Amino acid sequence: MPRPVRPRCSAGWRISAGFWQPSSWHCAPRCWLPGWCADSPWSWGKHLALVFEKTSTRTRCAFEAAAADQGAATTYLGPGDTHVGTKESVADTARVLGRMFDGIEYRGSGQSVVTDLAAHAGVPVYNGLTDTAHPTQSLCDVFTMREHSPKPLAEISYCYLGDARNNMGNSLLSMGAPLGMDVRIAAPGALWPEPGLVAACRSLAARSGARITLTEDVEEAVHRADFLHTDVWVSMGEPAETWRERVELLLLPYRVDARTMAATGSPDTRFMHCLPSLHDRSTRLGEQLFGAYGLDGLEVTDEVFSSPASLVFDQAENRLHTIKAVLVATLDD
């Protein structure tokens with residue numbers, strides 16, 4: 001049987017800089033077909049540079065496994081393995097890697113690094129996470145929601161609770177806006193996404209039919225939502241004052257627990273988390289937070305995290321499948 005024609009994707013998809021433009025989505029439905037990449041490798045002979053200035057479990061494993069499954073090789077460059085930003089400019093690093101590799105994944109702090117890599121590499125650049133965006137995760141999240149809902153995308157509603165200034169709050173907002181979805185943010189006003197991003201997403205929503213809600217009222221935000229999302233509130237190495245501000249003053253009302261799930265008014269609401277999660281005391285950081293605040297679990301309780309409503313491990317697996325689809329769609333000849 002002849003092999004089907006591989007879709008070509010627009011520059012917006014190829015760069016994956018962190019904000020999904022509508023034109024980036026013309027190949028997405030075909031990329032989401034579960035068996036589309038399964039028959040035989042599409043990326044045989046390709047070679048990817050995986051540049052990680054931050055540690056990773058799911059993103060690194062998903063890129064390496066996805067590439068291997070499709071016949072591509074990878075070279076891992078961890079923290080301290082390159083001169084980027086210290087002895088060599090991002091632009092020069094991009095020009096070098098672009099001569100040696102067919103694509104570059106970058107995970108680090110600065111969104112500007114992804115943009116500069118994409119501007120100078122001459123090959124596809126994939127944003128594996130920055131402080132302001134995590135687009136491969138939000139792509140996976142939309143795929144997971146579609147997988148676990150009988151509704152079309154335009155009828156799916158989801159709510160993100162917590163610190164919405166972070167990369168997941170930004171990416172879930174900017175992902176749903178061009179897709180016409182019902183996107184809700186429940187967070188203290190001081191922790192809403194930047195006004196410029198919100199305005200851009202509202203502009204996209206006006207064309208796509210998306211509904212965007214930002215509110216401090218948890219009950220309003222979660223009512224009849226199909227999916228609830230959250231992310232960690234604190235990280236190792238942050239000062240204790242930062243923990244105290246977020247936990248005691250701002251975020252406790254936005255913790256996902258049994259009452260939050262019940263407030264949706266729907267027994268079918270599912271819980272999602274990009275991981276890692278502080279849902280119990282089984283980690284060093286979880287134990288420290290318990291000692292400081294008496295909380296067994298932070299952004300979500302273990303009761304919800306480990307419940308039948310939780311999709312977190314389906315979600316984690318789908319990082320592999322969606323990244324595989326992105327690689328196949330962008331590593332064209």
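None of the figures in this text is laboratory data; all of them are computed from the coordinates on show. Predicted model only: the values in this text are computed from it and were never measured. Neighbour counts are summed over all protein chains in view; Cβ atoms, including those assigned to glycine, are modelled from backbone coordinates with ideal geometry.
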Under unit Cβ charges (Lys, Arg +1; Asp, Glu -1), what dipole magnitude, rounded to 20 debye, does the chain have relative to its Cα centre? 1080 debye
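Using the Cβ atoms and a cut-off under 9 Å, what net charge is assigned to the surroundings of residue 132, where Lys and Arg are +1 and Asp and Glu are -1?
-1
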Separation of alpha-carbon centers, region 54-78 and region 93-155, rounded to whole Å: 13 Å
Just rank 321, 229, fewest to most, by other beta-carbon atoms within 10 angstrom. 321, 229
Shape call for region 199-268, from the Cα gyration tensor axes a ≥ b ≥ c (a/c under 1.5 means rounded, otherwise prolate when a/b beats b/c, else oblate), comes out oblate
Taking the chain and counting helices only, DSSP H stretches of n ≥ 4 at -39,500 (n - 2.57) each over all residues, the nearest-500 ellipticity at 222 nm comes to -11000 deg cm²/dmol
Region 282-333-region 168-196 distance, computed between alpha-carbon centres (Å): 19 Å
Where does the longest stretch of the chain lie that holds no trypsin sites (Lys or Arg not before Pro) found in a DSSP loop with 13 or fewer other Cβ atoms within 10 Å? 88-223
Residue-wise, which Karplus ³J(HN,Hα) couplings in Hz belong to region 163-175, taking 6.51 cos²θ - 1.76 cosθ + 1.60, θ = phi - 60°, and x for glycine or proline? 7, 7, 7, 7, 4, 6, x, 4, 6, 5, 5, 6, 6
If you project the alpha carbons of region 108-226 onto their three principal axes, what span does each projection cover, largest first, in Å? 45, 34, 24
Determine the relative contact order of the chain: mean sequence separation of Cα pairs under 8 Å and six or more apart, normalised by residue count, in whole percent. 18 percent
Answer in debye to the nearest 20: the dipole magnitude of region 150-310 about its Cα centre, from +1 Lys/Arg and -1 Asp/Glu charges placed on Cβ, is 520 debye
